[in-house]
Amino acid sequence: MTRGTRAFLNFMFFIAAVGGAAMIVYSRMLLPEVANFGPTVVVVLFALMVAVAQKAGADGELSEHYADSIYFLGFLFTLISLATLFYRIGEGGLGSGLAGGTEGSGDISLTLLESQRFSLSTRMIEETFSLIGVAITTSVAGVLMRNLVRSWFLKSNAGGNGDMEVMVSELKKIAEGMNGGFVDSMEAIGNYFEERKDLAGQIKKKEKAYVNGLEIFTETLERFSSRMGDVEKKLLDSSESLGDNLIRQAEGIGRTDESLRSLSAQLRSLKADSEGFNLKKTADELASFGRETGELNAVLDSLIDIIERKVDTIRRAG
(Lines give C-alpha, C1' and ligand atoms only; values in the text may rest on other atoms or scores of the structure.)
Protein backbone atom coordinates (compact mmCIF):
# COMPACT_ATOMS: atom_id res chain seq x y z
CA MET A 1 0.00 0.00 0.00
CA THR A 2 1.53 3.29 -1.11
CA ARG A 3 1.81 6.39 0.99
CA GLY A 4 -0.75 8.17 -1.16
CA THR A 5 -3.23 5.35 -0.63
CA ARG A 6 -2.76 5.55 3.12
CA ALA A 7 -3.23 9.32 3.05
CA PHE A 8 -6.36 8.86 0.95
CA LEU A 9 -7.82 6.32 3.41
CA ASN A 10 -7.01 8.57 6.36
CA PHE A 11 -8.71 11.49 4.63
CA MET A 12 -11.74 9.38 3.75
CA PHE A 13 -11.97 8.18 7.36
CA PHE A 14 -12.14 11.82 8.47
CA ILE A 15 -14.75 12.66 5.81
CA ALA A 16 -16.81 9.59 6.69
CA ALA A 17 -16.67 10.37 10.42
CA VAL A 18 -17.74 13.99 9.90
CA GLY A 19 -20.44 13.14 7.37
CA GLY A 20 -21.94 10.31 9.42
CA ALA A 21 -21.85 12.38 12.62
CA ALA A 22 -23.62 15.25 10.83
CA MET A 23 -26.33 12.85 9.63
CA ILE A 24 -26.91 11.69 13.19
CA VAL A 25 -26.85 15.09 14.90
CA TYR A 26 -29.04 16.77 12.26
CA SER A 27 -31.29 13.77 11.63
CA ARG A 28 -34.40 15.88 12.28
CA MET A 29 -33.66 17.86 9.11
CA LEU A 30 -33.22 14.79 6.91
CA LEU A 31 -35.58 12.25 5.41
CA PRO A 32 -36.27 9.28 7.74
CA GLU A 33 -34.58 6.86 5.30
CA VAL A 34 -31.43 8.97 5.10
CA ALA A 35 -31.32 9.57 8.87
CA ASN A 36 -31.81 5.87 9.70
CA PHE A 37 -29.55 4.21 7.10
CA GLY A 38 -27.13 6.98 6.07
CA PRO A 39 -24.48 6.37 8.80
CA THR A 40 -24.55 2.60 8.15
CA VAL A 41 -24.07 3.20 4.41
CA VAL A 42 -21.10 5.45 5.23
CA VAL A 43 -19.48 2.60 7.24
CA VAL A 44 -20.05 0.12 4.40
CA LEU A 45 -18.64 2.49 1.78
CA PHE A 46 -15.54 3.16 3.87
CA ALA A 47 -15.07 -0.60 4.35
CA LEU A 48 -15.27 -1.13 0.57
CA MET A 49 -12.61 1.57 0.07
CA VAL A 50 -10.36 -0.20 2.56
CA ALA A 51 -10.95 -3.56 0.86
CA VAL A 52 -10.13 -2.12 -2.59
CA ALA A 53 -7.00 -0.44 -1.22
CA GLN A 54 -5.81 -3.69 0.38
CA LYS A 55 -5.98 -5.53 -2.94
CA ALA A 56 -3.24 -3.26 -4.21
CA GLY A 57 -1.04 -4.70 -1.49
CA ALA A 58 -0.64 -4.20 2.23
CA ASP A 59 1.18 -5.81 5.11
CA GLY A 60 -0.49 -7.39 8.13
CA GLU A 61 -0.13 -4.40 10.43
CA LEU A 62 -1.61 -1.94 7.95
CA SER A 63 -4.42 -4.34 7.16
CA GLU A 64 -5.17 -4.77 10.84
CA HIS A 65 -5.05 -1.00 11.37
CA TYR A 66 -7.48 -0.11 8.60
CA ALA A 67 -9.75 -3.07 9.40
CA ASP A 68 -9.94 -1.80 12.97
CA SER A 69 -10.65 1.70 11.66
CA ILE A 70 -13.85 0.31 10.09
CA TYR A 71 -14.96 -1.00 13.47
CA PHE A 72 -13.94 2.25 15.19
CA LEU A 73 -15.95 4.26 12.66
CA GLY A 74 -19.07 2.21 13.37
CA PHE A 75 -18.50 2.41 17.13
CA LEU A 76 -17.96 6.19 16.83
CA PHE A 77 -21.36 6.53 15.17
CA THR A 78 -22.83 4.40 17.97
CA LEU A 79 -21.45 6.73 20.62
CA ILE A 80 -22.62 9.82 18.71
CA SER A 81 -26.11 8.32 18.35
CA LEU A 82 -26.39 7.59 22.06
CA ALA A 83 -24.98 11.00 22.97
CA THR A 84 -27.51 12.69 20.66
CA LEU A 85 -30.31 10.60 22.14
CA PHE A 86 -29.46 11.50 25.74
CA TYR A 87 -28.93 15.14 24.80
CA ARG A 88 -32.36 15.40 23.19
CA ILE A 89 -34.02 13.65 26.09
CA GLY A 90 -32.29 15.89 28.62
CA GLU A 91 -32.69 19.05 26.58
CA GLY A 92 -36.47 18.84 26.17
CA GLY A 93 -38.37 16.25 24.27
CA LEU A 94 -40.95 14.44 26.35
CA GLY A 95 -40.05 16.28 29.54
CA SER A 96 -40.67 19.77 28.16
CA GLY A 97 -43.90 18.65 26.52
CA LEU A 98 -45.25 17.42 29.83
CA ALA A 99 -44.05 20.34 31.92
CA GLY A 100 -45.10 23.16 29.59
CA GLY A 101 -48.45 24.61 28.71
CA THR A 102 -50.25 24.57 32.04
CA GLU A 103 -52.06 27.85 31.47
CA GLY A 104 -55.23 26.42 29.92
CA SER A 105 -58.34 26.67 32.06
CA GLY A 106 -61.03 25.20 29.80
CA ASP A 107 -61.99 21.84 28.32
CA ILE A 108 -60.91 22.91 24.83
CA SER A 109 -57.50 24.08 26.03
CA LEU A 110 -56.97 20.86 27.98
CA THR A 111 -57.94 18.79 24.93
CA LEU A 112 -55.46 20.65 22.75
CA LEU A 113 -52.82 20.31 25.43
CA GLU A 114 -53.33 16.56 25.68
CA SER A 115 -53.17 16.28 21.87
CA GLN A 116 -49.91 18.22 21.77
CA ARG A 117 -48.44 16.05 24.49
CA PHE A 118 -49.44 12.85 22.71
CA SER A 119 -47.96 14.09 19.44
CA LEU A 120 -44.75 15.18 21.17
CA SER A 121 -44.46 11.91 23.09
CA THR A 122 -44.96 9.89 19.90
CA ARG A 123 -42.33 11.92 18.06
CA MET A 124 -39.90 11.53 20.94
CA ILE A 125 -40.40 7.76 21.04
CA GLU A 126 -39.86 7.54 17.28
CA GLU A 127 -36.64 9.56 17.53
CA THR A 128 -35.48 7.45 20.46
CA PHE A 129 -35.84 4.14 18.64
CA SER A 130 -34.46 5.67 15.44
CA LEU A 131 -31.25 6.74 17.20
CA ILE A 132 -31.02 3.40 19.01
CA GLY A 133 -31.41 1.65 15.64
CA VAL A 134 -28.62 3.78 14.15
CA ALA A 135 -26.40 2.98 17.11
CA ILE A 136 -26.97 -0.77 16.70
CA THR A 137 -26.73 -0.94 12.90
CA THR A 138 -23.53 1.13 12.74
CA SER A 139 -21.82 -1.04 15.34
CA VAL A 140 -22.98 -4.24 13.65
CA ALA A 141 -21.93 -2.89 10.26
CA GLY A 142 -18.53 -1.91 11.65
CA VAL A 143 -17.91 -5.30 13.20
CA LEU A 144 -19.25 -7.21 10.20
CA MET A 145 -17.35 -5.20 7.60
CA ARG A 146 -14.16 -5.38 9.66
CA ASN A 147 -14.53 -9.17 9.70
CA LEU A 148 -15.20 -9.35 5.96
CA VAL A 149 -12.35 -7.02 5.00
CA ARG A 150 -9.99 -8.89 7.30
CA SER A 151 -11.11 -12.22 5.79
CA TRP A 152 -10.58 -10.95 2.26
CA PHE A 153 -7.10 -9.84 3.19
CA LEU A 154 -6.26 -13.19 4.83
CA LYS A 155 -7.54 -15.13 1.84
CA SER A 156 -5.49 -13.07 -0.60
CA ASN A 157 -2.31 -13.32 1.49
CA ALA A 158 -0.61 -16.63 2.24
CA GLY A 159 -0.02 -17.57 5.84
CA GLY A 160 -2.82 -15.39 7.04
CA ASN A 161 -5.40 -18.09 7.80
CA GLY A 162 -3.76 -18.87 11.12
CA ASP A 163 -5.09 -15.61 12.56
CA MET A 164 -8.73 -16.46 11.80
CA GLU A 165 -9.41 -18.03 15.20
CA VAL A 166 -7.87 -15.04 17.00
CA MET A 167 -9.97 -12.68 14.91
CA VAL A 168 -13.15 -14.66 15.62
CA SER A 169 -12.35 -14.65 19.34
CA GLU A 170 -11.83 -10.88 19.32
CA LEU A 171 -15.01 -10.44 17.33
CA LYS A 172 -16.91 -12.49 19.91
CA LYS A 173 -15.53 -10.36 22.75
CA ILE A 174 -16.48 -7.16 20.93
CA ALA A 175 -19.99 -8.47 20.25
CA GLU A 176 -20.44 -9.47 23.90
CA GLY A 177 -19.25 -6.06 25.06
CA MET A 178 -21.61 -4.32 22.66
CA ASN A 179 -24.51 -6.49 23.81
CA GLY A 180 -23.90 -5.64 27.45
CA GLY A 181 -23.58 -1.96 26.66
CA PHE A 182 -26.83 -1.91 24.69
CA VAL A 183 -28.66 -3.77 27.42
CA ASP A 184 -27.50 -1.20 29.96
CA SER A 185 -28.47 1.61 27.63
CA MET A 186 -31.95 0.20 27.06
CA GLU A 187 -32.44 -0.32 30.79
CA ALA A 188 -31.38 3.29 31.43
CA ILE A 189 -33.77 4.53 28.75
CA GLY A 190 -36.57 2.38 30.16
CA ASN A 191 -35.98 3.77 33.65
CA TYR A 192 -35.96 7.28 32.23
CA PHE A 193 -39.34 6.82 30.56
CA GLU A 194 -40.77 5.26 33.73
CA GLU A 195 -39.68 8.33 35.66
CA ARG A 196 -41.20 10.54 32.97
CA LYS A 197 -44.43 8.57 33.22
CA ASP A 198 -44.59 9.15 36.98
CA LEU A 199 -43.73 12.80 36.44
CA ALA A 200 -46.51 13.08 33.85
CA GLY A 201 -49.02 11.72 36.38
CA GLN A 202 -47.88 14.18 39.02
CA ILE A 203 -48.03 17.09 36.59
CA LYS A 204 -51.51 16.03 35.48
CA LYS A 205 -52.69 16.05 39.11
CA LYS A 206 -51.15 19.47 39.62
CA GLU A 207 -52.85 20.72 36.47
CA LYS A 208 -56.23 19.50 37.73
CA ALA A 209 -55.62 21.20 41.06
CA TYR A 210 -54.53 24.33 39.21
CA VAL A 211 -57.67 24.31 37.02
CA ASN A 212 -59.89 23.76 40.07
CA GLY A 213 -58.16 26.64 41.80
CA LEU A 214 -58.74 28.84 38.75
CA GLU A 215 -62.43 27.90 38.72
CA ILE A 216 -62.79 28.71 42.43
CA PHE A 217 -60.90 31.97 41.91
CA THR A 218 -63.17 32.84 38.96
CA GLU A 219 -66.31 32.13 40.99
CA THR A 220 -64.96 34.22 43.86
CA LEU A 221 -64.24 37.09 41.49
CA GLU A 222 -67.74 36.86 40.04
CA ARG A 223 -69.31 36.99 43.51
CA PHE A 224 -67.04 39.86 44.46
CA SER A 225 -67.89 41.78 41.29
CA SER A 226 -71.62 41.15 41.92
CA ARG A 227 -71.31 42.50 45.44
CA MET A 228 -69.33 45.44 44.17
CA GLY A 229 -72.14 46.14 41.70
CA ASP A 230 -74.71 46.14 44.50
CA VAL A 231 -72.53 48.41 46.62
CA GLU A 232 -72.02 50.71 43.67
CA LYS A 233 -75.78 50.88 43.08
CA LYS A 234 -76.41 51.70 46.74
CA LEU A 235 -73.67 54.31 46.67
CA LEU A 236 -75.21 55.89 43.57
CA ASP A 237 -78.64 56.05 45.28
CA SER A 238 -77.06 57.49 48.44
CA SER A 239 -75.08 60.00 46.42
CA GLU A 240 -78.24 61.14 44.62
CA SER A 241 -80.06 61.59 47.96
CA LEU A 242 -77.06 63.37 49.39
CA GLY A 243 -76.98 65.63 46.34
CA ASP A 244 -80.65 66.53 46.80
CA ASN A 245 -80.04 67.28 50.48
CA LEU A 246 -77.05 69.42 49.61
CA ILE A 247 -79.11 71.32 47.05
CA ARG A 248 -81.84 71.99 49.60
CA GLN A 249 -79.27 73.02 52.18
CA ALA A 250 -77.68 75.33 49.64
CA GLU A 251 -81.06 76.91 48.91
CA GLY A 252 -81.71 77.38 52.67
CA ILE A 253 -78.27 78.86 53.12
CA GLY A 254 -79.01 81.22 50.23
CA ARG A 255 -82.26 82.38 51.80
CA THR A 256 -80.55 82.80 55.20
CA ASP A 257 -77.83 84.81 53.52
CA GLU A 258 -80.44 87.07 51.93
CA SER A 259 -82.20 87.52 55.32
CA LEU A 260 -78.91 88.36 56.98
CA ARG A 261 -78.13 90.86 54.27
CA SER A 262 -81.59 92.48 54.70
CA LEU A 263 -81.15 92.61 58.50
CA SER A 264 -77.69 94.10 58.06
CA ALA A 265 -79.14 96.76 55.77
CA GLN A 266 -81.86 97.57 58.30
CA LEU A 267 -79.30 97.78 61.08
CA ARG A 268 -77.19 100.11 59.02
CA SER A 269 -80.28 102.26 58.30
CA LEU A 270 -81.22 102.29 62.01
CA LYS A 271 -77.68 103.24 62.87
CA ALA A 272 -77.78 106.07 60.38
CA ASP A 273 -81.11 107.29 61.78
CA SER A 274 -79.88 107.01 65.34
CA GLU A 275 -76.80 109.06 64.51
CA GLY A 276 -79.01 111.95 63.30
CA PHE A 277 -81.24 111.81 66.43
CA ASN A 278 -80.22 114.12 69.46
CA LEU A 279 -80.59 111.82 72.42
CA LYS A 280 -79.42 114.41 75.00
CA LYS A 281 -82.03 116.95 73.98
CA THR A 282 -84.66 114.31 73.99
CA ALA A 283 -83.58 113.23 77.48
CA ASP A 284 -83.80 116.84 78.75
CA GLU A 285 -87.22 117.26 77.22
CA LEU A 286 -88.36 113.98 78.77
CA ALA A 287 -87.03 115.11 82.17
CA SER A 288 -88.84 118.51 81.83
CA PHE A 289 -91.96 116.69 80.72
CA GLY A 290 -91.67 114.44 83.78
CA ARG A 291 -91.38 117.45 86.11
CA GLU A 292 -94.29 119.22 84.50
CA THR A 293 -96.30 116.04 84.68
CA GLY A 294 -95.49 115.78 88.41
CA GLU A 295 -96.61 119.37 88.99
CA LEU A 296 -99.78 118.69 87.01
CA ASN A 297 -100.44 115.63 89.13
CA ALA A 298 -100.01 117.71 92.33
CA VAL A 299 -102.47 120.33 91.05
CA LEU A 300 -104.96 117.64 90.06
CA ASP A 301 -104.60 116.01 93.50
CA SER A 302 -105.31 119.37 95.21
CA LEU A 303 -108.29 119.96 92.95
CA ILE A 304 -109.66 116.52 93.68
CA ASP A 305 -109.35 117.19 97.46
CA ILE A 306 -111.19 120.50 97.14
CA ILE A 307 -113.98 118.88 95.11
CA GLU A 308 -114.32 116.08 97.62
CA ARG A 309 -114.61 118.59 100.51
CA LYS A 310 -117.18 120.54 98.60
CA VAL A 311 -119.21 117.43 97.94
CA ASP A 312 -119.03 116.41 101.61
CA THR A 313 -120.13 119.91 102.64
CA ILE A 314 -123.10 119.80 100.25
CA ARG A 315 -124.12 116.38 101.51
CA ARG A 316 -124.05 117.56 105.10
CA ALA A 317 -125.98 120.74 104.29
CA GLY A 318 -128.65 118.86 102.34
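The values are calculated or read from the model by the stated rules, or taken from the named source; none is laboratory data. Quick caveat: nothing in here was measured; it's all calculated off a predicted structure. Reconstructed Cβ throughout: ideal geometry from the backbone, glycine too, with neighbour counts over all protein chains shown.
With respect to SER63, is the statement that it is more than 20 Å from LEU131 (Cα to Cα), in contact with a Phe, Trp or Tyr (Cβ under 6 Å, 6 or more places away or on another chain), surrounded by 14 or more Cβ atoms within 10 Å (Cβ to Cβ) and at pLDDT below 75 true? Talk me through it step by step, then tell me what you get.
Details: more than 20 Å from LEU131 (Cα to Cα): yes; in contact with a Phe, Trp or Tyr (Cβ under 6 Å, 6 or more places away or on another chain): yes; surrounded by 14 or more Cβ atoms within 10 Å (Cβ to Cβ): yes; at pLDDT below 75: yes.
The answer is yes for SER63.
Evaluated against (1) modelled with pLDDT of 85 or more; (2) surrounded by 15 or more Cβ atoms within 10 Å (Cβ to Cβ), ILE89 falls short on exactly one condition, (1). Restricting the first member to the stretch 22-43 and to residues that are in a helix (DSSP H, G or I), and the second to residues that are loosely packed, with under 15 Cβ neighbours inside 10 Å and among the aliphatic types (A, V, I, L, M), the beta-carbon pairs closer than 8 Å and six or more apart or on different chains are MET23/LEU30; MET23/VAL34; GLY38/LEU30.
Within the stretch 26-43, if we keep just the residues that are touching a helix residue (DSSP H, G or I) at 6+ places or on another chain (Cβ under 6 Å) and among the hydrophobic types (A, V, I, L, M, F, W, C), the residue that is surrounded by the most Cβ atoms within 10 Å (Cβ to Cβ) turns out to be VAL43.
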